[in-house]
Amino acid sequence: TESDASVTYMAWNAGGRDEEMGNYITLAVSEDQGETWMYDEMVIYPKNPLNTRILDPVIWRGHDEKIYLKFTVTISDYGDQLDPMTSTHQMGISWNGEKIEFLETAFLTWKGSDTLSYMQVLDEPPQ
């Protein structure tokens, strides 16, 4: 979790019963220092859950006082962990009072192709 003045953010892995393809990240927001939470205010979900995992969310405040989300995307054409393409992304996030907005996304590291095209940002988990 990380706080931005009166807003607290929390992120975690979801989807599946274990670490597996189709995992995604969901974020929650609290405007009262964690007494109540608004869940699934932002979801980072794989476009193809059969060969893509989105995992390991970390939220922190940068030196510029902005809030950032860092996460990993893993893609395998084999549907398992054999020789996956992996990248780490950093995304600036902000609460506008109604939803979490992402400000910018940047690659930090990568092995393989552009994994950013394998994910989508949603307002709620897919049904």
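The values are calculated or read from the model by the stated rules, or taken from the named source; none is laboratory data. Keep in mind that this is a model prediction, so the values were computed, not measured. For accessibility, only protein heavy atoms count, side chains too; no ligands or nucleic acids. Shrake-Rupley method; radii C 1.70, N 1.55, O 1.52, S 1.80 Å.
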Checklist outcome for this item: Of Ser76, Ser94, ordered by accessible area with the largest first and a 1.4 Å probe, the sequence is Ser94, Ser76
Checklist entry - Whole-Å semi-axes of segment 1-76's equivalent ellipsoid, largest first, each the root of 5 times a Cα gyration tensor eigenvalue? => result 25, 14, 8
Checklist outcome for this item: Per its Cα gyration tensor (rounded if a/c is under 1.5, else prolate when a/b beats b/c, else oblate), segment 20-60 is best filed as prolate
Item to check | Distance from segment 55-76 to segment 21-47 (C-alpha centre basis), Å | outcome: 13
Checklist outcome for this item: Excluding ligands, DNA and RNA, the carbon-plus-sulfur percentage of the accessible area of segment 34-73 with a 1.4 Å probe reads 50
Next on the checklist: Just to verify a number: what accessible area does Glu41 come out at with the full protein assembly present, 1.4 Å probe, Å² rounded to tens?
Outcome noted: 40
